[in-house]
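> Got a structure here, written out as structure tokens. Questions coming.
The values are calculated or read from the model by the stated rules, or taken from the named source; none is laboratory data. Values in this document were obtained by computation on a predicted structure and should not be read as measured data. Cβ sites come from the backbone with ideal geometry, for glycine too, and all protein chains shown count toward neighbours. Surface areas here come from the heavy atoms of the whole protein model, side chains and all, with no ligands, DNA or RNA. Shrake-Rupley method; radii C 1.70, N 1.55, O 1.52, S 1.80 Å.
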Amino acid sequence: MKTILTGVRPTGNLHLGHYFGALTNWVKLQNEYNSYFEIADVQALTDNFDNPSKVRKNVREVAIDLLSVGIDPNKATIFVQSMIPEIAELTIYYSNMVTVSRLFRNPTVKAEAAQKKELFGNEGESITYGFLGYPVSQAADITVFGGDLVPVGEDQLPLIEQTREIVRKFNNIYGETLKEPEHLLSASPRIKGLDGNEKMGKSLGNAIYLNDSEEVIGKKIMGAVTDPNKIKKDDPANPDVCMVYYYHKLVSDDLDTICSDCKKGCRGCVNCKKELINNMNAFLKDIKEKRKYYEEHPDEVDKILIEGTNRAKAKAEETMKIVRNNMQLDYFDK
Ligand code: TRP
């Protein structure tokens, strides 16, 4: 059975973008692969090193999100990155396999660095060694568990390519040691935000979270962007530019009626939004029920994380034994 590894940064609760873009896929994949799902707290700290309590809190929040959508701890291994020092060790050895200029050329790093520049001004001043090096650490995440495939979205592809380069260089120098992973591009689309932005994102303030209350969901959907050319309630409109219809497509039945009524002008936006609110709440009901269960059983969540982390650590230890051997760092082994 092949191994997959993927990760999520614990910087906030997960939203519909994560759900439709990644999580539904992960839930399926756990039946077909030996699956590792990493809660990447070390990587989250590269951006949030000054806010450790945020990261700490969100490790459990994200764990509950994963469990609530159907990641099954009996099938998959959910683990906490920082609790596996072998990843940090491999990161150090990998850091010799990549030049600083190559890291600066990584498109994902480049885009994030540009964002930082916008926020903080001078680029060099705001970029830490840890941030620049997170692709190296991500390469260690993947390969220390012998990941064959990495389920990711488009934005992560440069990181997988970087991993492959690092592994090739490592194997060239120290002998065939680690596996070159491949990406498994998610077929699911990127989900747009309530404001019509191409991306639903925490920092964009346009997301519906899996744990949003019915009240919050109501308010958010009431504020969603509709066809700007529709002024009066019974103006005909174009559902293809309406975010309410966009979300109907994700959670509602009878789309043909919704679509044609909208086009004919016999569907007011307020009613259409109310219908969506009901459907969205119905859609999230199961997920929220599971969340409630885990919130009421924090010891069970901890147990799942501890068991997953122990399993993952055993695999990482195995890999690092070979790595150290091949790097001639096994001084005291008999
Ligand atoms: N960089 C990923 C993100 O921001 C999270 C991540 C951490 C990851 N380690 C990983 C993804 C390993 C795939 C494989 O979403």
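> Just to verify a number: FRET efficiency for ASN278 and TYR331, C-beta to C-beta distance, R0 = 51 Å, to 0.05?
0.15
> Here is a follow-up. Skipping prolines and chain starts, which residues have an amide H placed within reach, meaning under 5 Å, of the one on LYS230, given they are 5 or more residues away or on another chain?
none
> How many percent of the accessible area of the range 212-291 is carbon or sulfur, using a 1.4 Å probe?
About 52 percent, which is the carbon plus sulfur part of the accessible surface.
> Would you work out the relative contact order for the range 212-291, in percent, from Cα pairs under 8 angstrom that are 6 or more residues apart?
Averaging sequence separation for qualifying contacts and normalising by length gives 34 percent for the range 212-291.
> Select from the range 132-230 those GluC sites (Glu not before Pro) which occupy a DSSP coil region and have at most 10 other Cβ atoms within 10 Å, ordered by residue number.
Passing both the DSSP loop test and the Cβ count: GLU176, GLU198.
> Where does helix 298-326 land angle-wise versus the long Cα axis of the chain, in degrees 0 to 90, nearest 10?
Approximately 40 degrees, to the nearest ten.
> Please give every one of the aspartates and glutamates within straight-line cross-link reach of LYS285, meaning a C-alpha to C-alpha distance under 14 Å, and leave out same-chain neighbours fewer than 8 residues apart.
Cα-Cα hits under 14 Å: ASP65, ASP212, GLU214, GLU215.
> With the other protein chains left in place, how much accessible area per residue, in square angstrom, belongs to the chain at a 1.4 angstrom probe?
So the chain comes to 51 Å² accessible per residue, rounded to a whole number.
> Using the structure shown, list the pairs from LYS57/LYS179; LYS57/LYS110; LYS219/LYS292; LYS110/LYS192; LYS192/LYS230 with a Cα-Cα distance above 26 Å, or answer none.
Over 26 Å apart, Cα to Cα: LYS57/LYS179; LYS57/LYS110.
> Would you compute, from DSSP H runs of 4+ residues alone, the mean residue ellipticity of the chain at 222 nm, taking -39500 (n - 2.57) per run and dividing by the full residue count, rounded to the nearest 500?
Taking each H run of at least 4 residues, the total per residue is -17000 deg cm²/dmol.
> Shifting gears a bit: Longer than 24 Å from Cα to Cα, which of LYS2/LYS199; LYS116/LYS202; LYS288/LYS315 are they? Say none if no pair is.
Cα-Cα > 24 Å for LYS2/LYS199; LYS288/LYS315; rest within.
> Take HIS183, HIS15 and sort them by solvent-accessible surface of the protein heavy atoms, 1.4 Å probe, largest at the top.
HIS183, HIS15
> Could you state the angle between the C-alpha long axis of helix 52-69 and the longest principal axis of the C-alpha atoms of the chain, as a value from 0 to 90 degrees rounded to the nearest 10?
Between the helix axis and the principal axis of the chain, the angle is about 70 degrees.
> Estimate the FRET efficiency between ASN51 and LYS202 by the formula 1/(1 + (r/R0)^6), using the beta-carbon distance for r and 22 Å for R0, to the nearest 0.05.
The computed FRET efficiency comes out at 0.95.
> Here's a follow-up. Can you put TYR33, TYR247 in order of accessible area, largest first, using a 1.4 Å probe?
In descending accessible area the options line up as TYR33, TYR247.
> In addition: Using a 1.4 angstrom probe on the protein heavy atoms only, line up GLU89, GLU38 by accessible area, largest first.
In descending accessible area the options line up as GLU89, GLU38.
> Follow-up question, since we're still on this one. What relative contact order, as a whole-number percentage, does the chain give when Cα pairs under 8 Å and 6 or more residues apart are counted?
This gives 22 percent for the chain.
> What is the distance, in nm, between label points placed 7 Å from the Cα along the Cα-to-Cβ direction at LEU119 and at ARG324?
3.7
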